[in-house]
Structures are given as C-alpha cells and as structure tokens.
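Coordinate-derived values only; no laboratory data. Just so it is clear, the model here is predicted, and its values are computed rather than measured. Glycine also receives a Cβ, built like all others from the backbone with ideal geometry; neighbour counts cover every protein chain displayed.
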C-alpha cells in the first residue's frame, strides 16, 4: 500500500510544490505590477506638483493685516492753491470749534513750506507754487488739521483747490531739493481737489505694501462735504474754502504677497518618491 | 593540458571573483553614498518646509467670497441731528416720487427710537440726543429709506448731520440699555455726515469677517449728492436736508483668512522621510 | 582543567546565545512597534491632509496683480439726462481750458449714440432715452472727456443726472440691438449720478476678474466736486452740469482666485505613504 501510495504522494508533492511556486510567482508578479503602478502614479503626481507650483508662483495671494498704531508718522499735504489765499491753519483735537472770523486772516499755527516749481518751461509741471503742510499725527487724540482759504472767484469757472498726499513730511524736509521731490511725486500720484463753499472732511487711511528695498505707501481717502452757511452779506465774488484732514482710524493696512506654493514642499515630495524608488534597488 | 590550465583557471577564477567582490563593494558603497545624499537632502528639505510653514502661518492670505442674499437684516442708522428737526421719514420701493411739501412736517412712517446720552459729563461722548432708525431690508425690491430734515442755519457754520451705521437694528432693540449700546458703538465706528441743501444717496455694502466667537460687520458706503432746487422763496435761514439709504447690491462680501500652509502637509512630508529612513534600518 | 571548564563554557555559550536571541527579538519587536506607530501617524496625517484640502478648496485666496497698460479700451458711458440737454462734449488732454460759453450749445466732438427704451410698459426700465458716449482711452496723455448739460430746473426737486459705465463701447456698437444691450446692463450695474451746479471729476479704475468663459469688468470710481461760479446774472431756473471722465492711473487691477491647496500635493503625500507601507510587504 505504501509503495502504491508513493507515486501518488510524489505526484501530490509535485503538484503542491508547483502550485506553491506558481502562486509565489503570481504573487511576486502582482507585487511588481502594483509597485510599478504606484511608481507611475508617483511620477505623474510629481510632474503635476511641479506644474502646479509654477502656476501658483505666478499668482501670489494677497495677505492683508491691520497693524494698530498709537500715532502716525506725519504725512505731507501738498496744496496747489493757485490764486487762492491761505487764511488760517490750525490743529484741533476732538471737535472743530465755531469759526472765529470766517473770510479773514487768522493764525497760521502749522508747519508750512512754500515750494516753487523750477521747471517753468515744461508742460508736465502745471504748478508754480505749492504749499507743503505737515499733516496730523495723533490719531488717538483725534487730531484735526483745519485749513481755511479765500478765493476771488471772478477769475475761475470752478472753485477747487488741488492737493496730493505723501507719507512722510520729514522725508521731504530732509531732502535737499523740495522742488525736485514734488516733481517726482507728481509723476506717480493722483491729484485730488476740494470745493469752495464747503467744509470738506478728509479721512485718511494708509495702505502699506512692503517692497524689496523700501516700502510703498498709498492713501485711501473718504470725504464728506458740509455746506458753508455764508451768514454775513459778503460780496458774491469771494469764495471760502474749508478743509479738515484727519486719520480715519488707528490702523495701517499692510499688504503682503504670499506665494502659496512652497518650493520645499514640492522638493520634499520628489525627494520622498526618489527615496522610496531608490531603496527598491538596494534591497 | 588540463593540469597546466588548472592554475590559470584558478587565477582566472580568483581574478573574476575579486573583480566581482570589488564591483559589489564599490556598487554598495556608491548606493550608500547616494542614499546618504538623498537622506541629507530630505533633512534639509524638511527643515525648509518647517520654516516656510512658520512664515506662511504668520501671513494668512485673504479669501473674499460674495454671498447673494434675498434681503438683508435691517441695519441701524444712528443720526445725531443736534439742532436739526426730522420732518418726515418714509420707505419707498424703486424710485423716489416728487416731494410733497418740502420743508414742512410729513409722515414719520419708519421705526425710530430716541436715545439720550447718559454720560453728559464725559467729553468723549459728544452727543446728547440720537435718533436710531431701522434701515432698509428689501434689496431686490430696491427699498429706499428717505429722511427729510430742517435746520435753522443761523446757529452753525456748516450744515451737516452726522450719522453712523451698525449691522443689526434688532440687536439694538433687544439690548436693555440703548444709551450704553450707542456709546460702545461710538468707540469703534467712524462718523459720517451729509450736507444740507442736497439729496445725499448713500449706497450701502456689507463686509463680513467671521471672527472666532462672533462676526465683525463693516459698512462700505458710496455716496452721490444731488443739489436741492429751492423753488419757493423761502427764508434764507432755513436749510433742508434730504438723505436716501439703500443697499448697493444683494451681495455680502465675506472675508476669510486662509492659512495657506497646512501643518499636516509638512507633517506628512516629515513622516514620509522618517518612514523611508527607518525602513533602511529594518531590512 | 579544560574538561572542568567545558560545562562552564557551554553554559556561558548558551547564556550568551539566549541573550542574543532575546535581544534580537526585543529589537525586532521594538522596530515593528515603531514602524506601526509611524504608519498610524502617516494614516492620520493623510486623513488630515485630505480634510485640510477640502476646507481650503472651498475658500480660494484672492490674488491681485496690477497690469500696466499704455491705453485702455474705450469704455461706454450711459447717461440718462431725462429733461437735461447735452450742450457740448469734447476730449481734452492734460488740463481743462477755461469754458468758452457756459450754458450755451457748443461742439459735440465725441462719439455718441442715442438709444430709446423699447420696453415702455415695463416698470423695471425707468428710462426712455439714453446717451451712450465713447469714454477716454489715452491714459498716458491724460485724456479728459468733458460733458456739459443744461437743465430747466423748475420741474425737478433735485438736480442730478444718472449714469452707468460698461467696459467696452465697441462691444455695444457691434451688438445688433442697443436697447436690449442697455436693458441687460441695467440688471447688474448700479446707477451713479452727478449734481448740477458743480464740475464733477470722475476718476475711473478698472477691476478685472477672469471668469471661466469670459471676463468680468467692474469700475471703481473716485469723484471730486468743484462748485461752478455762475458769474453771469443768469435766470435762477437754469442749472448747469459739468462732468469730466478720466482714468485714474494706467493700471488694471486683475483679481485671480487661487486655490491654495494643491490636490497633487495631497496625492503625492498619500502616494509616498502607500509606497513606503507597500514595500514592507515585498521585502
């Protein structure tokens, strides 16, 4: 019986051995296929990560944060009054008191520099005389810079005084050539204006964009006009201008540009994939 | 011949064996070097990923989405009329009809609450009496809230009525102390004003920033002034004020701050690197 | 002596072998535990990466870039003058010259199309006649589009002329049905107005949001009013309107929405984790 069983046992042994070998081959073959699939997916994903990174690097996302300050650096206010005359100029805190003598010269209690355009022959410098005034600083004490102008309106169609703003009055006073400083400002800044017959409230906000070497300051303005009540029987030819400059709130808006895709993240992904693929060769 | 070849075969055998061993050593040595290089790169990249993450976490990017609404929650409009008198107040839909009796009292068809400042002695509460009015809701029906004031202008230099806005009128009515509610508002909000002799159109937009525990609502305003034509031979001492509040469009601007760097991405990168390095020790 | 030492050596041999086996088991056991821990961390991190990605995909970050242009595409300005009459219309470069004959008809030196509302019976089309004017293009030469209107004010309470802006005048002229084009614009745009008795300076900025199939153009406006000095003893019933349209600066603000989370980064992380775990099965 044993002898008869031997061939059967041998056949059985061979069968099971073959089955084992076959299974092992199939299994290892399957493992290799799965591994190759994963490696292909990894390569595809690595490619997509890189192209995604390139796309995101072109469009940095905006990041805006608000920085609270106790007082602002004094801004410079450049006024181009043309024929209008500056009657008075004063800093108030909190509220504006009633006017003392509207239309008559009063105290000039603020820091003013007069600048004359040197480039008279150029058409792109449309101003002759500019008044540069030191703006308000103390935002928490609600500092108001009040200016008062008078214009004999018989000469002009429209009663308006142009002005522009820059971020640092001290920067201007430390420059050697005030006229050149203003001409450079004029190329990049927009002119604003306020109307005669009104008190114009200009609320300033500062938007700062840190650039590579320096910083870029821009002003955002919100204005309110309040009509002036000419109570005295004044001659109709005289127009009065009132303007109040103040800070809107104690916040500087800081704009950063954030590249949302990190090159190191992409590098890490690639590194991980290579490490995994490479270790297969070693083991 | 065979005996003579034997030493040569042996020498050949040793040479090839030595060459194989040498090659194998060089290869494995090279593999180790490459592996160490990759590991060093991985460590460097992990370090950079972490510092990149720290930098991005400090500057969350701004994400703005526009949410369309069918109607807004009624905002509160706080007016500080001082000496001016509210003549009429009405909600219109679509367009403003011609005025019935400008300068004369009319219907007060809106929800008004009168609030008196309790803190008379404080200098930082410059108001005595405030009118809190329920603002427009139905943006799709183009709801307009029209207000009409009269001021005997002999007392003031400038004709202006101050106001401020807050996002929920119902929030105010449910508060127990209206005066305290307004005083708290005054500390954070900016005052706006509209001028006499004009119809001021105030178009409101709401900017909502979801904060941790609550939400932060801010108003953006766009104003237009239209001159009032005083057709009657009125006394020159009376100034009329007209103001229209409406929603600009049915969109709420929602501002989210997105931290662009995910800590889990960085963790995943580190985890992958450690897994790969660690498996080398095991095999 | 050697025979006596033999059992001691054997005991020593067994001890050291047992210690080695024990150490080896403990070490490999520890390795497995550490590996399982790392794998669990990897799975957790993969889960967090995916949920982080889902959260970020819902809130795309805003990316704003400024594109400098040499000249803008001519915008369209739609004016609804109602009873007011257009007296003159001219393009200037740089500055506005003094008025020739205010209140009297002058040259109409600009491209104007007159459009009449077809849908007279609909309430949601409140205009009968609209003037569509080709806006300024040459921002570097500081092009100004000056318009001058006259209104017999005896009919209206308030002196205001409504207008709206759209980004391409040529787009309008190439459309077959001007009236339908304007009615479609009215549904999405906000009406603006300028007041009589003033010169209104409208400084335009363009904000472009590239959408899927087309682009979305929006205008941002900054306005200044300057009072008109009526020098002639004109009849009090006539109101004059002056408006100047110009570009604020040669920059188009382009808004992109960047999904800060890259799906490929997340896929790469998952792929790396699976590669590492899978290789354990193979070795």
- prompt: Separation between the residue B:71 and residue C:214 pseudo-spin-labels, each 7 Å from Cα along Cα→Cβ, expressed in nm?
  reply: 3.2
message: Please report, for residue B:248, the nm distances (one decimal) from its label point, 7 Å out from Cα along the beta-carbon direction, to the equivalent points in the remaining copies, shortest first.
response: 1.1, 1.1
query: Cα centroid distance between the stretch C:139-180 and the stretch B:25-78, in Å?
result: 49
Estimated distance in nm for a label pair at residue A:34 and residue B:179, the labels positioned 7 Å out from Cα along Cα-to-Cβ: 7.8
query: What are the nm distances, shortest first, from residue A:114 to its equivalents in the other copies, labels at 7 Å along Cα→Cβ?
result: 5.4, 5.4
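Residue by residue through B:63-71, how many Cβ atoms from other chains fall within 10 Å of the Cβ on average? Don't skip to the end; give the middle numbers.
On the way: counts 12, 8, 5, 0, 0, 0, 0, 0, 0.
Mean shielding count: 3.
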- request: Over the whole of B:29-40, what's the average partner chain Cβ count within 10 Å per residue? Rounded to a whole number, please.
  value: 2
- line: Distance in nm between residue C:12 and residue A:8 label points, each 7 Å along Cα→Cβ, equals 5.7
message: Could you tell me the calculated FRET efficiency between residue C:191 and residue C:48, based on Cβ-Cβ distance and R0 = 51 angstrom, to the nearest 0.05?
response: 0.55
message: For the stretch B:51-192, what are Rg and Dmax over the alpha carbons, in angstrom?
response: 19.4, 70
- request: Compute the label-point distances linking residue B:23 to its equivalents in the other copies; points lie 7 Å from Cα along Cα→Cβ; give nm, one decimal, shortest first.
  value: 3.7, 3.7
message: Cβ neighbours within 10 Å, averaged per peptide: list A:34-44, C:130-140, A:170-180, A:81-91 in order, most packed at the top.
response: C:130-140, A:81-91, A:34-44, A:170-180
